[in-house]
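A short worksheet on the structure shown next.
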Amino acid sequence: MEFEPITLFFMLGILAGITRSDLKIPSSVYDALSIYLLLAIGLKGGVQLAEHATQSMLFDSIVIVGIACILPLIVFSVLLKLGKFKRADAASIAAHYGSVSVVTFSLAITFLEQLDVPYEGFMIVFLVLLEVPALVIGVLLARYGAGKVKWGSLLHEVFFGKSILLLIGGLLIGYLSGKDGIKPMELVFFDMFKGALAIFLLEMGLVAASRIHELRSHGLFLSIFAIVIPVFNSVLGMLTAYMLGLSLGGALLLATLFASASYIAAPAAMRVAVPEANPALSIGASLGVTFPFNIVLGIPLYYWLVQQLYL
Amino acid sequence: MEFEPITLFFMLGILAGITRSDLKIPSSVYDALSIYLLLAIGLKGGVQLAEHATQSMLFDSIVIVGIACILPLIVFSVLLKLGKFKRADAASIAAHYGSVSVVTFSLAITFLEQLDVPYEGFMIVFLVLLEVPALVIGVLLARYGAGKVKWGSLLHEVFFGKSILLLIGGLLIGYLSGKDGIKPMELVFFDMFKGALAIFLLEMGLVAASRIHELRSHGLFLSIFAIVIPVFNSVLGMLTAYMLGLSLGGALLLATLFASASYIAAPAAMRVAVPEANPALSIGASLGVTFPFNIVLGIPLYYWLVQQLYL
Amino acid sequence: MEFEPITLFFMLGILAGITRSDLKIPSSVYDALSIYLLLAIGLKGGVQLAEHATQSMLFDSIVIVGIACILPLIVFSVLLKLGKFKRADAASIAAHYGSVSVVTFSLAITFLEQLDVPYEGFMIVFLVLLEVPALVIGVLLARYGAGKVKWGSLLHEVFFGKSILLLIGGLLIGYLSGKDGIKPMELVFFDMFKGALAIFLLEMGLVAASRIHELRSHGLFLSIFAIVIPVFNSVLGMLTAYMLGLSLGGALLLATLFASASYIAAPAAMRVAVPEANPALSIGASLGVTFPFNIVLGIPLYYWLVQQLYL
Amino acid sequence: MNKNSMQLVTIVCEAMLEPYLERELPALGAEGYTITDARGMGKHMGKRNGGWRKESNIKVEVLCTDVVAERLISHVLSKYNDNYALIVYSHERTVYE
Amino acid sequence: MNKNSMQLVTIVCEAMLEPYLERELPALGAEGYTITDARGMGKHMGKRNGGWRKESNIKVEVLCTDVVAERLISHVLSKYNDNYALIVYSHERTVYE
Amino acid sequence: MNKNSMQLVTIVCEAMLEPYLERELPALGAEGYTITDARGMGKHMGKRNGGWRKESNIKVEVLCTDVVAERLISHVLSKYNDNYALIVYSHERTVYE
Ligand SMILES: Nc1ncnc2c1ncn2[C@@H]1O[C@H](COP(=O)(O)O)[C@@H](O)[C@H]1O
Ligand SMILES: Nc1ncnc2c1ncn2[C@@H]1O[C@H](COP(=O)(O)O)[C@@H](O)[C@H]1O
Ligand SMILES: Nc1ncnc2c1ncn2[C@@H]1O[C@H](COP(=O)(O)O)[C@@H](O)[C@H]1O
Ligand code: NA
Ligand code: NA
Ligand code: NA
């Protein structure tokens, strides 16, 4: 049996977390790695975009964002009706699951590259486009008929928050510099990517291990939710991709985007815009359950599903 | 049109700074990057020196340092007479503009390598030599006829301050190890250089954006000063290079050295030796105006000027 | 004369330390580098193990660990009888010298690779095996006939302390992924190793320079001790290797393992289990004297000795 | 060397409130503040710990007059105490100039 | 805005004691604590400075009742003062809710 | 458990003063000190903020007798207050041994 080392790094982190090892990744290293990963992903997308941008991308984008907007609405109803969650909590969790996780996306790319499966280079554009709308919908759901929204703070938090800024910034730099301009930096931003991701996942394992404990209230319901919803969303994603005529690799990436839950941009935005929501619930579910699930089982599962669809 | 990605990284940092994004490069990462850049520049110079040291270097050095000592005197008079600055402030700013910026120098090297223009490898020696004298002159100007100078603290601050220590240390290590000895470290210290510089410039953009605000008093005068003086100094630099028979590439490097203003060694040294000078003025000018100017417009301008001179 | 750049980096750190330069490697960078080095060493060992594991390794391990257990007993008697140290201090120092230093080991590997001398890839397994037993023996020596031992805390500290966890974790990941699985990470974990080690040694020089001052009491005795004992232990190590039929490279590595003294795992473990021991003595000796000695003179000396043995 | 008696108000809260407090404290009359990074545990932990690492608190200290202290404290409590991890305390201090 | 008078107990000690204190303080009745990283020098420096960099202290602050304060202080002193670098002090503080 | 009443002197200043204070405080009679990294704003900000990032202050705390406190405070104020960002305050504290 073959093991994917990146997943093993994640598991080592989990192990260190649950055995209460004194292993700690300094928070500045964590910050540095996340800045690096966001920039690298953006640059990669930008270079690809400069070479392979297609006419149909605009149409594809509109369809994908449209369908993606349904996700938080479904999640919200499930939590409110079935889960008996408070309105604010349901809305906040919906925003997390409607938005996306850059690291999960990176792992799907790594997964495809390991198997030599091609994919559309411009998928990174969808990553950027999908990050934001669910956050806005989450706030609207929380505030519907109640209280006023600090839209100014929220939009600022979202658009000038570091995830979007670095992704779009990287995208633009990659696009403007092109493949040749980026060449002297390829070593750092492209070739080192997988190694850096491995160290980042070690840390993510440590964090995820500490997050699972937070699912004290609503624990069972949320845990099941945090596995069922991603699978459901992934199916929606691959069907959308199939419909739009994306390649098999592209379908896996879109499925993974839909399935992934945000744990960086969404918590920050919700803490500002819906502060009465309990962040332990949303982060516990997205980071403590969904992220590990996607990394270890989800991506291979979605790949298998996509293969059936593309037979 | 072609864009240089490193400059784009700097602009992304500026943008993040002025939009008050939450993007922050942890200070330990900034420190680590600056240690890395200083060492890498030193090593590169040392290896080159081991291979290409020439007899005329000593003579060249004396001429260059001699001419460089005139720079702070000119700057000082301009500030005192035209700008009506306080003696201490004029002296401190003169020290900043007489000394040099390692990062600006690195960008000029990157600029030449992008265009495949050769340059004298030993230029790095001049970088080291030019860092110090202006600081001493600055202190003398501030103290002339007044107060006593803590020369002990100052000299210690300058020679065992990390910039000089790492530059000279790297130079020696590179020189003693030679090209073959350094080979197993080339990947880290040479090939990764440009990528690391890009991330560093992202941070420099953030810092520069926060520094420009400090030019409240004397703002207009200092802003013009911070653009005119570098151009003037660069011309002095390229004439010196021409006179000494350096190559076109070498002339651009010397022009850039003369044009650049220190924002690491000089602030630290002036804070110790001339504490009554207002650091907001000198850092606001050197880091908030001159550094961005040199990075974005200055180096291409100096290159164009050098080309005219070397026709 | 040829200089090894890594040693020069260490000396630059020492120089910065004793001249009280303001050069400081941020502690988070130090932590990040040590995590990286431990993982990289582990991965390297794991990949080699997957390819070259031999039947005789189990037997070799038992012999090596058995002989290694004698080391702390000798050290303990020397300190107690000859050095008139307190029981707790003697036991704690014995634990440090019985255990091993991962960085010293890395340098021995680098030394062999520079000279193109082959070695058994599975030596890293002995590194892991030798880290622990001396710590247990140290505690037993301190507690013999007195007080009770918090074995729970101690064993947890040792086995889930980050050194062992990362070494064993890296070993397992390397073993499970194999050479091909690790390939996309080779750049980061293998090719960058020597450069990262150089920066780490710069910091180690700074730390070592600050540690030597701590040898105030017992200073002379401990300083001599900290040079004689490693040489003695190295001879024991190379004889063991010779006896077991290891290669010349393997013998140098085992000699270095025996000669090296722990300065990460042992201090942490002793602080928990034998808190009345004075850590300034053990760290002063192991980090302030033995580590520099091994890096600069020890490894070449052991190599010369091993060559005589393997003539 | 002048001596003044002033209140030292200490606010320990989630790090994400830093930019907000930085804007609000001076507006409420604080002439300065000092911030240090902190981590901690309190009664509301788990229920409203918003940071996504344990190490995500800040400690904000403000030296100010009694009047300003009163104003800062009641502002911070009324605006943030319901939804954010927070603790506020104060004491008199002698300040030298 | 309620005011209570409480003790603020401050413990400055080696960073390696953090996990131990984190377990023991709540068990002794502390309802919360705040920790910041610190570095320093004291009388026992050199003799028992266990960290292997200078920057290895922590400052632990606990707001609590007099009874709990007494308990924390005597526990910490009796358990750790002999073998670890440590200093403990306290003062009254007004806490607002 | 002995109780002593001592002054806790707090100095918040530019980080670059750390090596100077480290040498001067013990010479003036301090038996120890604790330093934490801090950032902040004050009246002189902009006019003499020498650090080249916002995060460049330190907070130095010294527990000492009244006499030493007086000495430290007047030394620090007279030597550094003119040209460096700085604030100094103190209060009595109960120290346990
Ligand atoms: N009793 C206490 N003593 C010291 N610090 C406390 C105490 N209670 C809370 N804190 C600090 O205030 C933060 C927020 O507290 P809470 O809102 O109770 O979770 C905690 O993370 C601690 O840093
Ligand atoms: N007089 C003092 N004032 C402030 N902090 C102190 C004092 N004495 C000791 N400390 C702190 O307590 C730690 C341990 O002190 P000690 O056990 O005396 O070495 C030191 O590293 C300082 O951080
Ligand atoms: N009123 C205040 N309250 C708390 N900290 C202050 C206050 N004023 C100044 N500081 C701190 O002292 C430093 C120097 O102050 P200043 O010299 O006024 O710029 C600031 O950066 C703050 O960290
Ligand atoms: Na999603
Ligand atoms: Na210059
Ligand atoms: Na050993």
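Data table
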item: Cα-based Rg of the protein assembly as shown normalised by 2.2 N^0.38 Å, two decimals; result: 0.93
item: Pseudo-label separations to other copies for C:Leu309 - Cα-to-Cβ vector, 7 Å, nm; result: 6.3, 6.3
item: Check: the protein assembly as shown dipole with +1 on Lys, Arg Cβ and -1 on Asp, Glu Cβ, in debye; result: 2560
item: Least to most buried among C:Ser260, F:Ser74, D:Ser56, B:Ser262 (fewest other Cβ within 10 Å first); result: F:Ser74, D:Ser56, B:Ser262, C:Ser260
item: Over 12 Å [Cα-Cα, region C:77-128], rounded percent; result: 72
item: Whether region A:99-219 is rounded, prolate or oblate, judged on the alpha carbon gyration tensor where a/c under 1.5 counts as rounded; result: oblate
item: Dipole magnitude (debye, nearest 20) for region B:152-311, charges at Cβ of Lys, Arg, Asp, Glu; result: 60
item: Karplus-derived 3J(HN,Hα), 6.51/-1.76/1.60, for each residue of region D:13-23, Hz, glycine and proline x; result: 8, 4, 4, 5, 7, 3, x, 5, 5, 4, 7
item: Alpha-carbon centroid distance for the pair region A:215-284 / region B:24-70, whole angstrom; result: 50
item: Residue mean of other protein chain beta carbons inside 10 Å, A:187-194; result: 6
item: For the A-to-B rotation axis, chain A residue with nearest beta carbon and its distance in angstrom; result: A:Ser28, 3
item: At least 30 Å along the helix axis (C-alpha) and Kyte average at least -1.0, DSSP helices within chain A; result: A:27-52, A:57-77, A:219-243
item: Region E:64-82-region A:97-119 distance, computed between alpha-carbon centres (Å); result: 53
item: Partner chain coverage, peptide A:271-280 - average Cβ within 10 angstrom; result: 5
item: Pairs of Cα atoms farther than 15 Å apart, region B:216-280, %; result: 63
item: Size of electric dipole in region B:26-310: Cβ of Lys, Arg +1 and of Asp, Glu -1, about Cα centre, debye, nearest 20; result: 1000
item: Cα-based equivalent ellipsoid, region A:1-123: semi-axes from gyration tensor eigenvalues, Å; result: 28, 27, 15
item: Enclosed volume per residue, in Å³, of the convex hull spanned by Cα atoms of region C:26-310; result: 124
item: Ranked A:Met123, A:Met270, criterion: other C-beta atoms within 10 Å, fewest first; result: A:Met123, A:Met270
item: Modelled FRET efficiency - R0 60 Å, C:Glu113 with A:Ile70, Cβ distances, 0.05 increments; result: 0.55
item: Distance in nm between pseudo-label sites at E:Asn4 and E:Glu92 (7 Å out along the Cβ direction from Cα); result: 1.6
item: Cα convex hull of region B:158-284, projected area averaged across orientations, nm²; result: 10.3
item: Distances in nm from C:Asp116 to the matching label points in the other copies, shortest first (labels 7 Å along Cα to Cβ); result: 3.3, 3.3
item: Listed residues C:Ala50, C:Leu79, C:Gly250: farthest to the positive end of the dipole of region C:26-310 (Cβ charges); result: C:Leu79
item: Rounded if a/c under 1.5, otherwise prolate or oblate - chain D, Cα gyration tensor axes; result: prolate
item: Copies compared at F:Thr65 - label distances in nm, ascending, label defined 7 Å from Cα in the Cβ direction; result: 3.8, 3.8
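We did not get these values from a lab; they are worked out from the coordinates using the rules stated. Quick caveat, the model's predicted, so the values are computed rather than measured. In this analysis, Cβ positions are derived from the backbone assuming ideal geometry, glycine residues included, and neighbour counts consider all displayed protein chains.
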